[in-house]
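Note sheet for the following structure.
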Amino acid sequence: MGRMKQSKLFTKTRKDAPKDEVSKNAQLLLRAGYVHKEMAGVYSYLPLGFKVLKNIEAIVRDEMNMLGGQEGILSSLQDPDIWKKTGRWDGEADEVWLKTKLANDSELGLAFSHEEPWARVLSEHVSSYRDLPLYTYHFAPKFRNELRAKSGLMRGREFLMKDLYSFTKNEDDLNTFYEDVRVAYENIFRRVGIGNNTYFTYSSGGIFSKWSHEFQCVSDAGEDTIYIDTEKRIAINKEIYTDEVIQETGLEKDRLIEAKAIEVGNIFKLGTKYAEALGLTYKDEEGNENPVVMGSYGIGIGRLLGTVAEILSDEKGIVWPESIAPFKYHLVELSGGDEAVKERADALYQQMVERGIEVLYDDRDAHAGEKFADSDLMGIPYRIVVGKNSVGGVLEVVRRSTGETLSMSYDEVLGS
RNA sequence: CGGGCUGUAGUAUACCGGUAGUACGCUUGAUUUGGGAUCAAGUAGACUGGGUUCGAUUCCCAGCAGCCCGACCA
């Protein structure tokens, strides 16, 4: 599954990033061949980037399923009718929409979110309190008419998002699930490697609830400013940073540290607004008709990938955590034309492939410096070097994150 | 959307009112091979449209595109 000869990989690394790409995450991902910039705020994923994206997706999916989430995938072309019912077709939301038309001139929206479509889908399947609660999610592209795309993958006009929606009978059930999601989100950010830098953050709410919550990953590349209690691991977004809020959240002003941060996730209590507008109701035990209570929970998958690249990188390149790296091992042969060495490396690759070990094999006829530089840039967690200096029995393995050399036996590598 | 800056080979850049030079890349050959090799020969370029001019890649205008600052941002 996860194996590839680098000589066959169509993407190439490059020394220089395009001059119009300033953000670190995009520079690294472009230079290493993970993504292609299609236009401002629009990136395509190439084989390496796609693998990372899928790995992140798998972690998120795992956590969603453990919450009881049911995965589907709703369409990107959207029906204006349901958005008109909730008042989000025109008016304020109009700025964010990318709209298009059919040949017969009828309008369509390109999905910027999916509350309305999911609510309508559920309205066809929910009629009794026995049908609730329900949790649905999908990974789907979002299109937003950003006035200013920026910061590489951080703010795009098209991006992949995981959005989860909860449908519950009442607010208590919503609150319980909301807390479960919070834990799941913390798991996700820990599992993709940014747990230590990511804070549960109070942000502005809406009509229904006082606050929403964001997961903010501290980075100078971030657009948001937050105030963090590093011990409690809780923060407040600058948008709502007042003495009153500090008090209400139980934090102390002189313990809060200001920092720039990237919003990698967001959870939000929606209440019954959408359900009421779209007729999503259920009958309770007494036969009364009630609107379903909703919540929405988003993670920008592409933004998360960009955030990891941004945070976990050094002057040489990206440093992927093993959990989402495109490959676990980067096998680099330094035969320099020595057939015996080449055969040794080929044989090792073959053995790894047979055991289903994730490996990228740099079998190119290139100099050591170039191969090492590429390897550092691509950021695969473990580099195995097979060259003239390496002797039989022991493998020379370098850990990308620390640069330390580990001597591992064939069995240790092949058994992993 | 307001303001600013910028558009030259695939990438990074230089010079110029008289059609463009360098580096990397790529191709061919030779020599090389444990931290981005060497030599030789090739390959490839002025965002688009107008204007000024004998002549525009260069100056002017417009458009388009990109980046940055701000505003905006379930």
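The amide H of A:G265, built 1.01 Å from its N in the peptide plane, has A:F215 as neighbours under 5 Å, considering only residues 5 or more places off or on other chains.
With the highest mean first, a sort of the peptides A:84-91, A:313-320 on other beta-carbon atoms found within 10 angstrom per residue produces A:313-320, A:84-91. Potential lengthening of the chain between A:R233 and A:M66 amounts to 57.7 nm, from the contour at 0.36 nm per residue minus the alpha-carbon distance.
A cut-off under 10 angstrom between Cβ atoms defines the neighbours of A:A32, and their net charge, with Lys, Arg +1 and Asp, Glu -1, is +1. Averaging Cα coordinates gives a centre for the stretch A:147-209 and one for the stretch A:333-386; these two points are 39 Å apart. In terms of packing, defined here as the mean over residues of other Cβ atoms within 10 angstrom, the peptides A:294-302, A:73-81 line up highest first as A:294-302, A:73-81. Per residue of chain A, the DSSP helices (runs of n ≥ 4 H) give a summed -39500 (n - 2.57) that works out to -8500 deg cm²/dmol at 222 nm. Here the contact order of the stretch A:327-414, divided by its residue count and restricted to Cα pairs under 8 Å and six or more residues apart, works out to 33 percent.
Counting lysine pairs in the stretch A:32-102 whose alpha carbons fall under 27 angstrom apart, excluding pairs fewer than 8 residues apart on the same chain, gives 8. Take the Cα of A:E95, step 7 Å toward its Cβ, do the same at A:E252, and the gap between the two points is 4.0 nm. Once the convex hull of all Cα atoms in the stretch A:24-314 is built, its volume per residue stands at 142 Å³. Assign one of three labels to the stretch A:327-414, namely rounded, prolate or oblate, based on the Cα gyration tensor with a ≥ b ≥ c the square roots of its eigenvalues; rounded applies when a/c is under 1.5, prolate when it is not and a/b is larger than b/c, and oblate otherwise. Note, shape of the stretch A:327-414 comes out rounded. In chain A, the DSSP beta bridges split such that about 80 percent are antiparallel, to the nearest 5.
Spherically averaged projected area of the convex hull of Cα atoms, the stretch A:263-321: 6.1 nm².
Taking packing as the residue-averaged number of other Cβ atoms within 10 angstrom, the listed peptides A:148-156, A:324-332 run from highest to lowest as A:324-332, A:148-156.
Let me have the relative contact order for chain A, percent, based on Cα pairs under 8 Å that are six or more residues apart. Answer for chain A is 17 percent. By the gyration tensor of its Cα atoms, with a ≥ b ≥ c the square roots of the eigenvalues, what is the shape of the stretch A:3-141: rounded for a/c under 1.5, prolate for a/b over b/c, or oblate? Cα axes put the stretch A:3-141 in the oblate bin.
None of the figures in this text is laboratory data; all of them are computed from the coordinates on show. As the structure is a computational prediction, the values presented were derived from the model and not from experiment. Glycine gets a Cβ as well: all are built from the backbone with ideal geometry, and neighbour counts include every protein chain shown.
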